[in-house]
2 protein chains.
Amino acid sequence: MLYEVCLVGATGAVGAEILRLLEERNFPVKTLRCFASPKSLGKSISFRGEKIPLEILKKGCLSTSRLVFFCAGSSISKEWIAEAGGYVVDSSSAFRSDPSVPLVIPEINAHALKNNPKIAASPNCAATILLMPLFKLHRLFQVKRIVVSTYQAASGAGAWLLQELKNETLAHLEHRPYPHLLPFPYAFNLYPHNSKLQENGYVEEEIKMRDETRKILEDEAIQLSATCVRVPVLRAHSVSANVEFKKPFALKMVYEALEDVPGLKLFEDRAQNRFPTPFDATGKDDVFCGRFRIDSSRPNTLEFWAVGDQLLKGAALNAVQIAETALETQNSEALL
Amino acid sequence: MLYEVCLVGATGAVGAEILRLLEERNFPVKTLRCFASPKSLGKSISFRGEKIPLEILKKGCLSTSRLVFFCAGSSISKEWIAEAGGYVVDSSSAFRSDPSVPLVIPEINAHALKNNPKIAASPNCAATILLMPLFKLHRLFQVKRIVVSTYQAASGAGAWLLQELKNETLAHLEHRPYPHLLPFPYAFNLYPHNSKLQENGYVEEEIKMRDETRKILEDEAIQLSATCVRVPVLRAHSVSANVEFKKPFALKMVYEALEDVPGLKLFEDRAQNRFPTPFDATGKDDVFCGRFRIDSSRPNTLEFWAVGDQLLKGAALNAVQIAETALETQNSEALL
């Protein structure tokens, strides 16, 4: 079975990766329509050797498609979702907290896709990278509380910040003045995540990590306190996590549990003192993890480190995996 | 009173800052002798407009000085400490855990300098930046447990890594091949701190943060679990800290307590969502802090963020402040 597919946000950092993945993974595309902002009108992008003209969203344009990927930000998702004729995979935060919309990392909670035949949301990138090494441990030992600090790459804010980081850094190294776009320099600098600050002192990104962790692990009792930080790294996020579990465990049990988790790569060379870095995870589908150690300052507590490509498992890959899983499930149910 | 001063490690990143601070702070220097490795023989450095020839360490060379700064790594400190005729301020980790050697941040525990008339150690840079916003809160509410993740700058590993980061990043941006010195790229990359990995899975740097926190706050019961990470930032360290206290407190009490701590700058603009970045703290004496918020996932728990210049309060400035405080104390006692 081949599908009519629409990609909304085709020229963005995530859109470009979805396009590449549809091709690379031989996604059953019959026709592909690509949508972008008006400034892209007249341009085209390449897919399977063909030139696809970039279109702008218009009433009715999404109505005949079997599958729509939204990756153009939450306001576009909210505005156009009702137009989609077929199944929607939304990469924005627009519907993640909607109880009727499954929030899915297929390796973790693919079963949730069945709760809604129309739409699924792909989670926040930092949450995904935290949860990939954690979900199996949660099943075994039950997460009680997480304290997490992130090291988030430029790509998380979009292609423009990735380019800005390169441009500004080059100007810095060449001692050229540079009118930076952020309210502070980004070259060789980092900053607390600048999403909206809440009354409680946490920023939106940190609240997303907590709420999405609860929804994906299906446990509203999980406590999570996050500090989100943007670092001068191009496209892979890292997280430093301190996790308290309800049940006791030994480090050996952790390693055994993580041995064969799909989409997860244990990356530790203790002899060489070598653990995952953003460079290692860049362009890779797997989330890399390591530095597992017992935090003896509290019972049943584990420290670990994880890194993943923000644009792949953190966004585009997860969206494509949701589409693959949902359509396959719907097809096999239709055959019954 | 003017002193004969020796500076061991004068050409290093910390040594260069000590030299600058002695001049800037009008430190009572009568004569200054500067020591470096043999490859610096024949060269000189400038101090108060005079050229000071670089010397190499030889038996007897430190015996007549009133004050010796050691900032050439712990093996040099261990080898030459016995040669020092006068007071020693050691910036290395060589003697920090020695119970007879005071480990001092003058704003916090200057009183400890009296325990040893011969030597004091200046703490680990990441520990210093964590403790500057914390010590007064500890006095008020008593720290129970700290979970901390660091964002450490290149300068912490020495001037060579700072230069390496710039060289490698420029090569990356110019698409030139670059034989990087670390076992992995550092341009737009970060990595778990590569100090010696312990049996327990923590690296030496993380254990230092715990042990030095206990020693400086004079409370061996404090629990601390650290994750230390090297980021592609030039010379200011950041820390993300989650701190559980024994006593209850309100956020208002925290802000009141931190209002007038010497050496500390509260840097928060909630309306503009603007908090300390390494850029803000670079070249500044103060440690910058902000993002104070209640972590309601555990009683009496506070999250905060702090940034400080690794080469200043994290190293050179603290060493010079120790010398100023110790010599002043010794002089006033001699007058009694």
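The values are calculated or read from the model by the stated rules, or taken from the named source; none is laboratory data. Keep in mind the model is a prediction, meaning the values are calculated, not measured. Here Cβ is always computed from backbone atoms with ideal geometry, including for glycine, and neighbour counts include all displayed protein chains.
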Q. Condition test on A:A153, is it touching a His at 6+ places or on another chain (Cβ under 9 Å), surrounded by fewer than 20 Cβ atoms within 10 Å (Cβ to Cβ) and in the same structural domain as A:T301 (by TED's automatic domain parsing)?
A. no
(1) hydroxyl-bearing (S, T, Y); (2) touching a Lys or Arg at 6+ places or on another chain (Cβ under 9 Å); (3) not assigned by TED's automatic domain parsing to the domain that holds B:R235 all hold for B:S91 apart from (2)
By residue number, the members of the stretch A:284-303 that are of a type in the set (G, A, S) and part of a strand (DSSP E or B) are A:G290
In the stretch B:254-293, anything within 10 Å of another protein chain (Cβ to nearest Cβ) and closer than 18 Å to B:G156 by Cα is listed as B:T277, B:P278, B:F279, B:D280, B:T282
Scanning the stretch B:254-276 for residues that are buried (at least 19 other Cβ atoms within 10 Å of the Cβ), not basic (K, R) and not in a loop (DSSP other than H, G, I, E, B) gives B:V254, B:L258, B:L264
Sole miss for A:A281 among (1) surrounded by fewer than 24 Cβ atoms within 10 Å (Cβ to Cβ); (2) touching a Gly at 6+ places or on another chain (Cβ under 9 Å); (3) aliphatic (A, V, I, L, M) is condition (1)
Within the stretch B:143-181, restricting to residues that are more than 23 Å from the chain's Cα centre (by Cα) and in a loop (DSSP other than H, G, I, E, B), the one that is nearest to the other protein chains (Cβ to nearest Cβ) is B:E174
Could you go through the stretch B:315-327 and let me know if any residue there is part of a strand (DSSP E or B) and surrounded by 15 or more Cβ atoms within 10 Å (Cβ to Cβ).
no
Residue within the stretch B:185-198 that is surrounded by fewer than 22 Cβ atoms within 10 Å (Cβ to Cβ), more than 28 Å from B:G15 (Cα to Cα) and facing chain A (nearest Cβ under 10 Å) present: yes
From the option list A:L224, A:L266, A:L258, single residue qualifying as closer than 26 Å to A:L197 by Cβ and assigned by TED's automatic domain parsing to the domain that holds A:I146 is A:L224
Practice prompt. Would you be able to say whether some residue in the stretch A:64-73 is within 30 Å of A:D260 (Cα to Cα) and surrounded by fewer than 13 Cβ atoms within 10 Å (Cβ to Cβ)?
Written response: no
Over the stretch A:204-221, the set of residues within 11 Å of chain B (Cβ to nearest Cβ) and either within 16 Å of the chain's Cα centre (by Cα) or surrounded by 22 or more Cβ atoms within 10 Å (Cβ to Cβ) (or both) is A:E204, A:E206, A:R210
Free of Cβ contacts under 8 Å to residues at least 24 places away in the same chain and farther than 18 Å from B:P232 by Cβ, is that true of A:Q163? no
Per the filter on the stretch B:257-310, residues without any contact (Cβ under 8 Å) to a residue 12 or more places away in the chain and at positive phi are B:N273
- Message: Condition check: under 13 Å from the mean Cα position of the chain (by Cα) and not in a loop (DSSP other than H, G, I, E, B). Does B:L130 satisfy that?
- Response: yes
Only unsatisfied item for B:F249, checking (1) at negative phi; (2) under 24 Å from the mean Cα position of the chain (by Cα); (3) in contact (Cβ under 8 Å) with a residue 40 or more places away in the chain, is (2)
Yes or no: A:A112 under 13 Å from the mean Cα position of the chain (by Cα), more than 14 Å from chain B (Cβ to nearest Cβ) and of a type in the set (G, A, S)? no
If you go through B:A334, B:A306, the only one that is surrounded by fewer than 22 Cβ atoms within 10 Å (Cβ to Cβ), among the small types (G, A, S) and outside any loop (DSSP other than H, G, I, E, B) is B:A334
*asked:* Quick check on the stretch B:240-253. Is at least one of its residues of a type in the set (A, V, I, L, M), facing chain A (nearest Cβ under 9 Å) and crowded, with 21+ Cβ neighbours inside 10 Å?
replied: yes
Being over 29 Å from A:L162 (Cα atoms), under 19 Å from the mean Cα position of the chain (by Cα) and not hydrophobic (A, V, I, L, M, F, W, C) narrows A:D98, A:D90 down to just A:D98
